[in-house]
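Reviewing the structure listed below.
The values are calculated or read from the model by the stated rules, or taken from the named source; none is laboratory data. Computed from a predicted model, the values in this text were never measured in an experiment. Here the Cβ positions follow ideal geometry from the backbone for every residue, glycine too, while neighbour counts run over all protein chains shown.
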Amino acid sequence: MEKLQSVEQFQELKKEERTIFMFSADWCGDCRFIEPFLPRIEADYPEYNFILVDRDEFIDLCSELDIFGIPSFIAYHNGEEAGRFVSKDRKTQEEIEEFINGLAN
């Protein structure tokens, strides 16, 4: 998964046709829990560009987006927010897939 490098890059990537940002941190145990199945999710949804956002590196962006729990996901379609899966709870592969499947086409 590509890692976000700047806020400017975030602004550009969210304008793409379909992008999902995953907000995470190295110290987050629940984020580590989902790592093994993320490559499978990326492979199963090739229409999406998946971007990893380190919460600690982009704390101001996370605050602006109301991301207070991780791991969390926000999807954008052509610059518009299409959906979000934001909570402090551990996510399962099935829950992440349900979130993606529920996004408006």
- Considering each of 23, 10, 50 in turn, give the residue that is in contact with a Cys (Cβ under 7 Å, 6 or more places away or on another chain) and at pLDDT 95 or above. 23
- Task: Among residues belonging to region 84-95 that are touching a strand residue (DSSP E or B) at 6+ places or on another chain (Cβ under 7 Å) and not in a loop (DSSP other than H, G, I, E, B), point out the one that is surrounded by the most Cβ atoms within 10 Å (Cβ to Cβ).
- Result: 85
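Quick one: count up the residues across region 26-83 that are in a helix (DSSP H, G or I), surrounded by fewer than 18 Cβ atoms within 10 Å (Cβ to Cβ) and not β-branched (Val, Ile, Thr).
15
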- Determine whether region 18-30 contains at least one residue that is over 21 Å from residue 88 (Cα atoms) and touching a residue at least 12 places away in the same chain (Cβ under 8 Å). yes
